[in-house]
1. If a residue must be surrounded by 12 or more Cβ atoms within 10 Å (Cβ to Cβ), over 18 Å from ALA72 (Cα atoms) and of a type in the set (Gly, Ala, Ser), how many such residues does the stretch 159-182 contain?
2. Taking the stretch 70-117 as the search range and keeping residues that are outside any loop (DSSP other than H, G, I, E, B), among the hydrophobic types (A, V, I, L, M, F, W, C) and loosely packed, with under 13 Cβ neighbours inside 10 Å, which one is modelled with the highest pLDDT?
3. Looking at the stretch 175-225, which of the residues that are in a loop (DSSP other than H, G, I, E, B), touching a residue at least 24 places away in the same chain (Cβ under 8 Å) and not hydroxyl-bearing (Ser, Thr, Tyr) is nearest to ALA153 (Cα to Cα)?
4. Out of the stretch 149-158, which residues are in contact (Cβ under 8 Å) with a residue 24 or more places away in the chain and surrounded by fewer than 19 Cβ atoms within 10 Å (Cβ to Cβ)?
Amino acid sequence: MGTDVIDRYMADLGARLQGSRRHVRDLLTETRDSLTDATEAHVGRGLSEQEAQERAVDEFGPVREIANEYQAELAVAYGTRTLIWLAVVLPLMHMAWEYGRMLVIGPWQSFDTIPPSWYLLVAKANDLASGVASGLALVALVLGRVLARRCEAKLLARLTATVAVGAVGVVLLGNLSIIAATAHVDPARLVQSLPMTIASAVSWIVIVRLGLLARRSLSCATIVA
């Protein structure tokens with residue numbers, strides 16, 4: 001090993017971590033600072049630079065174990081951030097969509113012919129989907145606070161990630177169900193005005209974005225040993 005022991009250790013550690021870039025950067029900065037301080041202390045005791053770096057790295061711990069600890073922390077942070085987005089964005093998106101729909105389209109019942117009762121149930125379920133998903137996110141956030149000091153970080157990370165994926169799944173299922181039901185009852189309804197087409201596109205962009213966040217949080221959680 002050369003005198004770049006810390007650099008190699010940091011490169012190996014950084015390659016193993018997934019999560020928010022800012023959080024990863026902060027953890028790596030703290031780690032490098034700790035290793036640098038330890039190296040300087042060992043140099044002050046008479047060790048060479050290379051020996052001091054090797055001693056500092058050995059004392060800090062095997063990179064695999066440290067990466068696993070850091071990854072659990074990163075996964076919890078990423079999952080928590082995703083749940084916050086779900087809890088805040090979904091209700092706002094639903095309210096904006098409903099307001100626009102009532103202005104441009106009108107109530108669901110205003111078809112040329114009265115829609116079947118099952119369609120109204122699908123529409124109602126879709127209306128509730130965002131609220132249910134947001135509620136799941138809020139419950140998970142509160143539960144996470146309670147469990148933070150009582151369970152391992154990796155378990156908490158998997159809990160938050162699973163709830164995030166489930167919440168996005170509820171919203172996605174609700175949207176796909178109402179689209180399929182509308183296509184069956186009155187396909188002409190799928191051809192909307194320009195404002196509602198734009199609103200629909202924005203809604204789907206938000207859903208896809210939340211889905212990607214949930215998937216990433218699950219990925220961050222599942223790589224923890």
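1. 6
2. Here the residue is LEU92.
3. So in the stretch 175-225, the residues in a loop (DSSP other than H, G, I, E, B) come out as 186, 191-193, 223-225.
Subsequent filtering for residues that are touching a residue at least 24 places away in the same chain (Cβ under 8 Å) retains 186, 192-193, 223-225.
With the extra rule that they be not hydroxyl-bearing (Ser, Thr, Tyr), the set shrinks to 186, 192, 223-225.
Values: ASP186: 49, GLN192: 47, ILE223: 13, VAL224: 10, ALA225: 11 Å.
This residue is VAL224.
4. In the first step, residues of the stretch 149-158 are kept if they are in contact (Cβ under 8 Å) with a residue 24 or more places away in the chain; the result is 152-154, 156-158.
If the condition is that a residue be in contact (Cβ under 8 Å) with a residue 24 or more places away in the chain and surrounded by fewer than 19 Cβ atoms within 10 Å (Cβ to Cβ), then GLU152 is the only one that fits.
The values are calculated or read from the model by the stated rules, or taken from the named source; none is laboratory data. Values in this document were obtained by computation on a predicted structure and should not be read as measured data. Cβ: placed from backbone, ideal geometry, glycine included. Neighbour counts: every protein chain shown.
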